[in-house]
Amino acid sequence: MRTYPSVHGLLLVLSSLSMPAIAEDSATELGKKLSDPLSNVWALFTEIDYNWSEGDFTNGQWRTGQSVVFQPIMPFSLTKDLKLTMRPTIPAIRTDIPVGRRYNTVPIDAETEIIFPDGSAAFDDHSGIGDTTLPMILFPESKPGQRWGFGGGPTFIFPTATEDELGTDTWQAGPAGVVTYKGDNFSAGFLASNWWNFAERDNDAEDTSHGALLYWYWYSLPNAWQIGLGPTITYNDKAESDNKWNVPIGLSVAKMTKIGGVPVKFQFGVEKSVIRQEDYGKDWTVKLNIIPVIPSLQKKPFF
């Protein structure tokens, strides 16, 4: 029987590697850096979501779904003054989707099938890998005491979905920008992205035009605890007028600790969408993040 390494085994391997840069930071400082997308910390970001969705297609009844998002955080030094961070996002999804729709609520090639007298739709259960997102953000090396941070660059989406309903069947690209602000005990900022398709994997694929805005605020508490928020607002220009936006708000707590000598950040949060797609959209989400810090694979700047 084939076996796979456990999370504990992975942490033991990481603990055996040299982490000189990590050792210089306290747990509190590492927690702060992991809340900043422009930091120099390498990590393996994993998010486990459990969500409840509803809308006109469900006649007000919730349907549940789950996802696991894997996102390696990899900041590289191009020169001593310029950095490039890459955070490829690979989602594994299990969810109910209205027949004739995609995961992002856009129709595939037909009207959604309405089969019940109350106006609700037929649903199918779908599981698999979704499309992969790759932002590539350039930003200057921060100086001691610097409060503001800025970065920008291209972002891409690749059609890696294992089912048509879980992706768009298109290659997409667009701009991304980051603004951060760090106080003595808090950090805040936003990451904005937008994508348009430039090629199709399937001739029947629809054009895409959509964006996302991650906004966050984290306040540092004693003993490497944090409290804050980090929801992502989404907008789909190709959706119908009452299905374009999903705007969540929420509250999260985080704790930086060590397991087997490896610094690991745990986050738990709950989000509520104050605006959601009328037909069918996420309403509540419970999130668990497990973020082990890993050694940098780069020893010196490329140039």
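Residues of the stretch 233-252 that are assigned to a strand (DSSP E or B) and open to solvent by 60 Å² or more (accessible area, probe 1.4 Å): Tyr235, Trp245, Ile249, Leu251. Scan the stretch 76-99 and tell me whether some residue there is closer than 30 Å to Pro301 by Cα, without any contact (Cβ under 8 Å) to a residue 60 or more places away in the chain and in a loop (DSSP other than H, G, I, E, B). Taking every residue of the stretch 76-99 in turn, at least one turns out to be closer than 30 Å to Pro301 by Cα, without any contact (Cβ under 8 Å) to a residue 60 or more places away in the chain and in a loop (DSSP other than H, G, I, E, B).
Taking the criterion of being out of contact with any Phe, Trp or Tyr (no Cβ under 6 Å at 6 or more places or on another chain), more than 28 Å from Phe76 (Cβ to Cβ) and among the acidic types (Asp, Glu), the residues of the stretch 27-60 that qualify are Asp49, Asp56.
Among residues of the stretch 284-298 that are closer than 15 Å to Lys33 by Cβ, those with a beta-carbon under 6 Å from a residue that is open to solvent by 40 Å² or more (accessible area, probe 1.4 Å) at least six positions away or on a different chain give the pairs Pro295/Leu17. Scanning the stretch 80-97 for residues that are polar (S, T, N, Q) and modelled with pLDDT under 95 returns a single hit, Thr95. Considering the stretch 146-162, the residues that are aromatic (Phe, Trp, Tyr) and over 14 Å from Ala199 (Cα atoms) include one that is most open to solvent (accessible area, probe 1.4 Å), namely Trp148.
If you go through the stretch 170-189 one residue at a time, do you hit one that is within 24 Å of Tyr50 (Cα to Cα) and either within 17 Å of the chain's Cα centre (by Cα) or open to solvent by less than 20 Å² (accessible area, probe 1.4 Å) (or both)?
No, every residue in the stretch 170-189 fails to be within 24 Å of Tyr50 (Cα to Cα) and either within 17 Å of the chain's Cα centre (by Cα) or open to solvent by less than 20 Å² (accessible area, probe 1.4 Å) (or both).
Exactly one residue out of Ala239, Ala188, Ala212, Ala176 is touching a residue at least 12 places away in the same chain (Cβ under 8 Å), of a type in the set (A, V, I, L, M, F, W, C) and farther than 30 Å from Gln146 by Cβ, and it is Ala239. Just checking, does the stretch 134-141 include any residue being at pLDDT below 95, open to solvent by 50 Å² or more (accessible area, probe 1.4 Å) and either among the basic types (Lys, Arg) or under 20 Å from the mean Cα position of the chain (by Cα) (or both)? No: zero hits.
For the structure I just gave you, tell me whether Asp56 is open to solvent by 20 Å² or more (accessible area, probe 1.4 Å), closer than 21 Å to Ala239 by Cα, free of Cβ contacts under 8 Å to residues at least 60 places away in the same chain and not small (Gly, Ala, Ser).
Against the criterion (open to solvent by 20 Å² or more (accessible area, probe 1.4 Å), closer than 21 Å to Ala239 by Cα, free of Cβ contacts under 8 Å to residues at least 60 places away in the same chain and not small (Gly, Ala, Ser)), Asp56 does not qualify.
Here Ile291, Ile259 are screened, and the one residue that is at pLDDT below 95, closer than 24 Å to Pro72 by Cα and not charged (D, E, K, R) is Ile259. Within the stretch 205-221, the set of residues being among the hydrophobic types (A, V, I, L, M, F, W, C) and assigned to a strand (DSSP E or B) comprises Ala212, Leu213, Leu214, Trp216, Trp218, Leu221. Looking at the stretch 116-133 only, could you name the residues that are in a loop (DSSP other than H, G, I, E, B) and either over 19 Å from Thr162 (Cβ atoms) or basic (Lys, Arg) (or both)? Matches in the stretch 116-133: Phe116, Pro117, Asp118, Gly119, Ser120, Ala122. For the stretch 40-51, filtered to residues that are open to solvent by 20 Å² or more (accessible area, probe 1.4 Å) and over 13 Å from Gln71 (Cβ atoms), the residue that is modelled with the highest pLDDT is Tyr50.
Identify the residue in the stretch 222-232 that is part of a strand (DSSP E or B) and of a type in the set (A, V, I, L, M) and, among all such residues, is nearest to Arg102 (Cα to Cα). Step by step, filter the stretch 222-232, then rank; the result is Leu229. A residue that is out of contact with any Leu (no Cβ under 9 Å at 6 or more places or on another chain), among the hydrophobic types (A, V, I, L, M, F, W, C) and part of a strand (DSSP E or B) can be found somewhere in the stretch 65-75.
The values are calculated or read from the model by the stated rules, or taken from the named source; none is laboratory data. Fair warning: this is a prediction, and the values are worked out from it, not measured in the lab. Counting neighbours? That spans all protein chains shown, and the Cβs are built from the backbone with ideal geometry, glycine included. These accessible areas exclude ligands, DNA and RNA; they are computed on the full protein's heavy atoms, side chains included. Shrake-Rupley method; radii C 1.70, N 1.55, O 1.52, S 1.80 Å.
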